[in-house]
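Take a look at the structure below.
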Amino acid sequence: MRPLQFLIILLLHSIIFNTVIAQTSVPIDKPRAFISINGTIGWHTIKFKNFGQSPGASFGFSVSLGIYAVEKDNYRGGLHFTLVEGASRNTKRRQMSEEFELPNTNFDKHLMFNFAQFRSGNFGWFNEYQLANITVIHRLGVGIFGTTELDQLYDLGLHNTLGLAFGENPLQFKWYVGVAHDAQVGTGNPNYSMDNIGLVFGGSRAF
């Protein structure tokens with residue numbers, strides 16, 4: 001076999017092999033998972049049934065981890081886990097919790113700090129809609145929401161977030177801004193309920 005023929009055959013073999021590999025490989029511009037880390041500022045309220053409320057400005061952070069399961073045209077969706085950690089302050093909260101007489105005495109009484117800490121941990125589904133260089137993101141999750149003080153109070157909770165991420169390439173870092181709402185929806189202790197609504201700002205990265 002002449003050198004020229006050998007080079008032509010080698011070149012054809014390389015082109016065919018690389019074409020097959022390219023067709024069977026996952027495109028690099030399709031994300032498989034993401035992580036989002038954000039700060040939160042808002043308003044957190046603990047409610048004492050038939051007695052009063054103790055609202056206060058809140059702050060904290062949230063972390064979301066997700067796995068993409070569906071992708072079609074400009075839509076992507078999948079499963080996520082979101083953790084929210086926060087705190088709020090109300091100067092009368094501890095006094096209210098001490099004076100609170102339980103409407104339902106079959107459930108425990110909880111003492112709250114003026115500077116109350118709270119947590120939301122939830123699993124759910126997220127939706128992403130790509131519009132030019134802006135991505136509309138909605139996350140909905142169900143889990144546990146409540147205080148994390150010495151006298152903890154947990155209940156079934158619902159997490160809901162709607163926001164915008166800026167950037168066209170799904171595999172690059174994106175700035176994120178949105179609003180989030182956490183609320184108790186269970187009846188673990190019907191004497192108490194709480195919710196937190198806030199502004200969410202930070203960034204996300206898919207890979």
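Among the conditions (1) of a type in the set (Asp, Glu); (2) in a loop (DSSP other than H, G, I, E, B); (3) modelled with pLDDT of 90 or more, residue 71 misses just one, which is (2).
Taking residues in segment 55-71 that are touching a residue at least 24 places away in the same chain (Cβ under 8 Å) and surrounded by fewer than 19 Cβ atoms within 10 Å (Cβ to Cβ), and partners anywhere that are in a strand (DSSP E or B) and acidic (Asp, Glu), the pairs with Cβ atoms closer than 7 Å and at least 6 places apart or on different chains are 61/85.
Residues in segment 60-90 that are within 13 Å of the chain's Cα centre (by Cα) and not small (Gly, Ala, Ser): 61, 63, 65, 67, 79, 80, 81, 82, 83, 84, 85.
Evaluate segment 42-52: report whether one residue or more is over 14 Å from residue 192 (Cα atoms) and in contact (Cβ under 8 Å) with a residue 24 or more places away in the chain. Within segment 42-52 (the criterion being over 14 Å from residue 192 (Cα atoms) and in contact (Cβ under 8 Å) with a residue 24 or more places away in the chain), the answer is yes, since at least one residue qualifies. Selection within segment 176-188: residues that are modelled with pLDDT of 95 or more and not aromatic (Phe, Trp, Tyr). The member of this set that is surrounded by the most Cβ atoms within 10 Å (Cβ to Cβ) is 182.
Number of residues in segment 32-62 that are at pLDDT 95 or above, farther than 27 Å from residue 189 by Cα and either aliphatic (A, V, I, L, M) or not in a strand (DSSP E or B) (or both): the value is 3. Residues that are surrounded by fewer than 21 Cβ atoms within 10 Å (Cβ to Cβ), closer than 23 Å to residue 119 by Cα and either among the β-branched types (Val, Ile, Thr) or in contact (Cβ under 8 Å) with a residue 24 or more places away in the chain (or both) within segment 159-175 comprise just one, 162. Quick one: would you say residue 15 is modelled with pLDDT under 95, surrounded by 11 or more Cβ atoms within 10 Å (Cβ to Cβ) and either out of contact with any Gly (no Cβ under 7 Å at 6 or more places or on another chain) or in a strand (DSSP E or B) (or both)? Criteria not met by residue 15.
Of the numbered criteria (1) crowded, with 16+ Cβ neighbours inside 10 Å; (2) under 17 Å from residue 200 (Cα atoms); (3) free of Cβ contacts under 8 Å to residues at least 60 places away in the same chain, the one residue 138 fails is (1).
The values are calculated or read from the model by the stated rules, or taken from the named source; none is laboratory data. Just so you know, these numbers come straight off a predicted model, no measurement behind them. Note that each Cβ is placed from the backbone with ideal geometry, even for glycine, and that neighbours are counted across all protein chains shown.
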